[in-house]
Amino acid sequence: MYLIEAVTTHGAIDQKRVNQLEEMLKDCPADNIYITAFHDRTTFRKYIADIAWETEVWISDEPDHMIHFNGDKFMGPYLGN
């Protein structure tokens, strides 16, 4: 399940927010994907220290790309098209 938080409504998805959502969704059988949405990189830079590991970032100014805070989940060569 994709859980998308607009940074302007609640702030970035930090570890406290992940813990709250995990508790709330503990009986949900779906895997959860946490995404913080930003309008632009300037706003992203203001919140970067707060973003929890194992979450994603999407910036509306660059809609074709995601930033992954996922450790080794995505480690490997870039195999672009």
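Sparse packing (at most 11 other Cβ atoms within 10 Å of the Cβ) combined with a DSSP loop state is found for the following trypsin sites (Lys or Arg not before Pro) in segment 3-63: Lys26. Our coupling estimate for segment 33-43, obtained by passing each phi through the Karplus curve with A = 6.51, B = -1.76, C = 1.60 and θ = phi - 60°, is 10, 9, 10, 9, 9, 10, 6, 7, 5, 4, 5 Hz, Gly and Pro reported as x. Dividing the Cα radius of gyration of the chain by 2.2 N^0.38 Å, with N the residue count, gives 1.13. By the Stokes-Einstein formula, at 1.002 mPa s and 20 °C, segment 20-66 with its Kirkwood radius over alpha-carbon pairs has D equal to 177 µm²/s. Here the simple spin-label model places points 7 Å from the Cα toward Cβ, and for Lys46 and Asp27 these points are separated by 3.8 nm. Per residue, the chain reaches -6500 deg cm²/dmol at 222 nm when only DSSP H runs of four or more residues are counted, each adding -39500 (n - 2.57).
Every read-out reported here was derived from the displayed coordinates using simple, explicitly stated rules and does not represent laboratory data. These numbers come from a predicted model, not from an experiment. Counting neighbours? That spans all protein chains shown, and the Cβs are built from the backbone with ideal geometry, glycine included.
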